[in-house]
Amino acid sequence: MRVKILYFAALREALGVSVEDFDLPAGVASVAALRECLVARGGAWQRLAAANVKTAVNQRMAGGEAAVGQGDEVAFFPPVTGG
Amino acid sequence: MIEDDGGVSVQQGDFDAGAEIAALASGRADVGGVASFIGVVRDANDGSGVSAMTLEHYPGMTEHALGEIVAQARARWSLLTVRVIHRVGRLLPGDRIVFVGVAASHRGEAFAACEFIMDYLKTRAPFWKREETPAGARWVDARDSDDTAAERWKQK
């Protein structure tokens, strides 16, 4: 099962990646589990473990318990600063 | 101006605040008050000068998030017309960033909804500011005071 992952702002810059296609390992079916997979890459990826990193699934804010599966768009980003 | 996009626009270009305010009550006799807010780029932040800023956003989600915030405001207060415009891209001090306009039958609803939309936009809409300062460019940190401002609208 493949998902599209997007990164924004300071996080995108630190990771050097704005978008990637990612094959979900067996058993990975939630935002929290996906996040752990990405943090396990080490180095700058450990930034994703920070509590203030926000997540969205299919362009809606979503928590760690949210399900992820084939074709979903998942995003990781810092706290928002618009307005 | 016809509200064919749920009243929400995300755009690079500037907006005409006077025309937007006039449009909120145009052609209807039930409007008793219009409240509006315009956000402007400052030339300083956190103790250093700011010569420009660039607003990044999450295309698609931004429009959903703003539409959701407007829907929440409409569910909470009796509103007639709502308009939200947020600019993206590179802006200079003095440039307008954001417009929120609300028309209602009574001022209380217009004032409250306008402030609610801004407070929620600040904490829930996926925009990020990067400032250009004499020491280089930096991402703006989120403020706790913005979270506090949004918290106070929570219904018990």
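Coordinate-derived values only; no laboratory data. Keep in mind that what you see is a predicted model, and the values were worked out from it rather than measured. Cβ coordinates were reconstructed from backbone atoms using ideal geometry, including for glycine residues, and neighbour counts include every protein chain displayed.
Let me confirm something: among A:71, A:27, which residue is without any contact (Cβ under 8 Å) to a residue 12 or more places away in the chain, away from chain B (no Cβ under 14 Å), assigned to a loop (DSSP other than H, G, I, E, B) and not hydrophobic (A, V, I, L, M, F, W, C)?
Details: A:71 fails: without any contact (Cβ under 8 Å) to a residue 12 or more places away in the chain.
A:27 is the lone residue from the list that is without any contact (Cβ under 8 Å) to a residue 12 or more places away in the chain, away from chain B (no Cβ under 14 Å), assigned to a loop (DSSP other than H, G, I, E, B) and not hydrophobic (A, V, I, L, M, F, W, C).
Filter the range A:41-68 down to residues that are in contact with a Pro (Cβ under 8 Å, 6 or more places away or on another chain) and more than 14 Å from residue A:12 (Cα to Cα) and give me whichever is nearest to the other protein chains (Cβ to nearest Cβ). So that I can check it myself, show each step before the final result.
In the first step, residues of the range A:41-68 are kept if they are in contact with a Pro (Cβ under 8 Å, 6 or more places away or on another chain); the result is A:52-54, A:56.
When the remaining residues are screened for being more than 14 Å from residue A:12 (Cα to Cα), the result is A:52, A:56.
Numbers: A:52: 8, A:56: 6 Å.
Looking at the filtered set, the residue picked out is A:56.
Each row is one residue, and each column tells you yes or no for (1) buried (at least 17 other Cβ atoms within 10 Å of the Cβ); (2) more than 14 Å from chain A (Cβ to nearest Cβ).
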site: B:29; (1), (2): no, yes
site: B:78; (1), (2): no, yes
site: B:86; (1), (2): yes, no
site: B:93; (1), (2): no, yes
site: B:104; (1), (2): yes, yes
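Those residues that are out of contact with any helix residue (DSSP H, G or I) (no Cβ under 9 Å at 6 or more places or on another chain), in a helix (DSSP H, G or I) and either in contact (Cβ under 8 Å) with a residue 24 or more places away in the chain or under 20 Å from residue B:120 (Cβ atoms) (or both), I need them from the range A:34-62; list them, please.
A:34
For the subset of the range B:127-146 comprising residues that are facing another protein chain (nearest Cβ under 8 Å) and touching a strand residue (DSSP E or B) at 6+ places or on another chain (Cβ under 6 Å), which member is surrounded by the most Cβ atoms within 10 Å (Cβ to Cβ)?
Selected residue: B:127.
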